[in-house]
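Just so you know, all these numbers are worked out from the coordinates, no wet-lab data involved. Fair warning: this is a prediction, and the values are worked out from it, not measured in the lab. When we count neighbours, we look across all protein chains shown, and the Cβ atoms used for this are built from the backbone with ideal geometry, even at glycine.
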Amino acid sequence: MFLRRRQPRASRWQTIAASAALAAVLTCAGCGSTSAPPAAGRPVKGPILALVTATSVGRYGAPLDVTQYYPVTSRSATAVVLLGPVGRAADATAPLVITWSRMTGSGPQPLFSQRLTVPSYGMAYSTARTAKGALPYGLYQVSASVGGVTKTAMWTVYTPSNATVAKVSQAGQLTAGPSGAFPAPGRQPHACDAVESVASMPSVTNVRLNLTAYCPQTGTSGPVRGTELATMNRNSGVALIGMLHRGPGGMLAGNFDFNVCALPGASDVPGAVVYLSTIIYNHGYTRDFTGYFTLPADHALPAVSLTSSVPAGTPVRTGEKITLRITGTEPSGLGPQTGVNFLRLSGARGGRVQSVIYNKAVSGCDNSRFRRTLTVIYRVPKNAPKRITLTAIADDMPGHDAIKTITFPFAG
């Protein structure tokens, strides 16, 4: 979703609300029956702090334009691994394997792997590309394994509305591209002047947030503590995501998973905005860094399934009843989704048998919109064609259709 260099800012609502929240945490940490509200975020630990897909990498391997969606006009996709401790020693290294796979009906089909030696708290990247032609349309998975830990991320190649048939047909074959590993950035010339942030969404509601600020520790200065807060409505207060921790070389870091539906003003609808505030307490002063990110757009097609009380291919006769169950679902691993908005069954000659349109005013954090079901009783007409084909359609926005058919011979 984003890689943002957040600068200090003295916005009134963030300074007041954030300071109050942190004061509650510090005051009530050991005060018996009274305690601060639980953090909305869960700390992420281990040798792999995050695995994201992006359009490319920048200096030191940082992901640029974090995304899970690539138009068919793209030529490459890049996976970036943000590493934690890969061994007991601060300067430990370890082998990392990054595997690219295409998703099929029977699971991931591996395409190729790349092996790297990676350092603790560094970054590594791997690229999938086509030597000639565009990225092939479909759903993919990339996985990273180090120190007995494996994490995966889903990504997809979609067809934009302005893509030509010629462009889609020019797809090439995915092969291994450039890869590399980078150590943790060294000491910065100015202490605590910015916070680097990487956010991605491994599910429809959960955000993986990784923060780093470089605040060199000396005898008289250095970070004492830090905290991360978030909201989706600046008039409704903020939620504590979690506390930052000290890392090697003066690094202050936070790695969290949190659910946007646990934030004030909660919304998991594509386009909703999450506002962030990072507060770093240094010796004698406080730095407040503010920023935001927008939940990415929905480019993923829904899926549709069609079950029947009469098995496909069974001869049917006039007046016979067939009970059909249409289920539309949104993918769970490609970030926020609009929700299934429309289900329809079309008859043997293309006419509508039954359809339903759901509320277009999508309400945030309503999980029912991710899975819709329509049950239809189809009566075989007397003037049916020799082969009766029924079509189930599900969409989440106009023109964003998933289609499934079932066919029966007509016995008269």
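Prolate is the label for region 48-182, because a/c, from the alpha-carbon gyration tensor with a ≥ b ≥ c as root eigenvalues, is 1.5 or above and a/b exceeds b/c. For TYR137, TYR285, the sequence from fewest to most other C-beta atoms within 10 Å is TYR285, TYR137.
Taking other C-beta atoms within 10 angstrom as a stand-in for reagent exposure, THR99, THR323 fall in the order THR323, THR99, fewest first. In terms of packing, defined here as the mean over residues of other Cβ atoms within 10 angstrom, the peptides 332-342, 384-394, 311-321 line up highest first as 332-342, 384-394, 311-321. Taking other Cβ atoms within 10 Å as a rough exposure proxy, SER309, SER126, SER76 sort from fewest to most as SER309, SER76, SER126. With just the Cα atoms defining each centre, how far is region 366-393 from region 276-339? Give it in Å. The two parts, judged by their Cα centres, are 22 Å apart. Backbone geometry of region 393-405 corresponds, through the Karplus equation with coefficients 6.51, -1.76 and 1.60 at θ = phi - 60°, to 3J(HN,Hα) couplings of 10, 10, 9, 10, 7, x, x, 9, 9, 10, 10, 9, 10 Hz, x marking Gly and Pro. What is region 303-409 by shape, rounded, prolate or oblate, if you read a ≥ b ≥ c off the alpha carbon gyration tensor as root eigenvalues and call it rounded for a/c under 1.5, prolate for a/b larger than b/c, and oblate otherwise? Prolate shape, in that a/c is at least 1.5 and a/b is the bigger ratio.
Inter-part distance, region 135-158 to region 42-119, computed on C-alpha centroids, equals 8 Å. Note that region 294-303 has calculated 3J(HN,Hα) couplings of 9, 4, x, 5, 9, 10, 8, 6, x, 10 Hz, one per residue in order, obtained from phi through the Karplus relation 6.51 cos²θ - 1.76 cosθ + 1.60 (θ = phi - 60°); glycine and proline are x.
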